1. In segment 12-89, which GluC sites (Glu not before Pro) fall in coil by DSSP and have 14 or fewer other Cβ atoms within 10 Å?
2. In segment 2-84, what percentage of the DSSP-assigned beta bridges are antiparallel, given to the nearest 5?
3. In whole Å, what three semi-axes, largest first, describe the equivalent ellipsoid of the chain built from its Cα gyration tensor (square root of 5 times each eigenvalue)?
4. Given the Cα-Cα distance of T59 and Q80 and 0.36 nm per residue of separation, how much length would full extension add, in nm?
5. Mind checking which aspartates and glutamates have their C-alpha under 13 Å from K53, skipping anything on the same chain fewer than 8 residues away?
6. Under a 5 Å amide H to amide H cut-off, with H placed in plane at 1.01 Å, what residues pair with K8 once short-range neighbours are removed?
Amino acid sequence: MLIRITVKPNSKADRFSVEEDGSIRVKIRAAAVDGKANEYLVGYLARIFSVSKAFIRLTKGETNPHKTLQINITEEHLRQVLGMYLTKK
């Protein structure tokens, strides 16, 4: 499954959220230096989706806050995880 996310590095805490419009926002504590934030992001998303880091690959946006990732999970699994993090307003 391809997912598009917006990442904000250097945050005070890690946070994964899904907005009402379906956009995914991820805040991570790692600094955007020498690819460290991307490595951290993959590990963080692996925990969120309960998969190995090998199941997640950054396909677009290495130096951009707007990223596209390939995650090897089913559509059902994706819907379940996103539903748990949907932001209610």
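A short reminder: the numbers here are calculations on the coordinates, not readings from a lab. Source: prediction; values computed, not measured. Reconstructed Cβ throughout: ideal geometry from the backbone, glycine too, with neighbour counts over all protein chains shown.
1. E19, E20, E62
2. On the way: 13 of 17 bridges.
If I count the DSSP bridges inside segment 2-84, around 75 percent turn out antiparallel.
3. That gives 19, 16, 12 Å for the three semi-axes.
4. Roughly 5.3 nm would be gained on extension.
5. Correct list for K53: E39.
6. Here V26, K27, I28 satisfy the definition.
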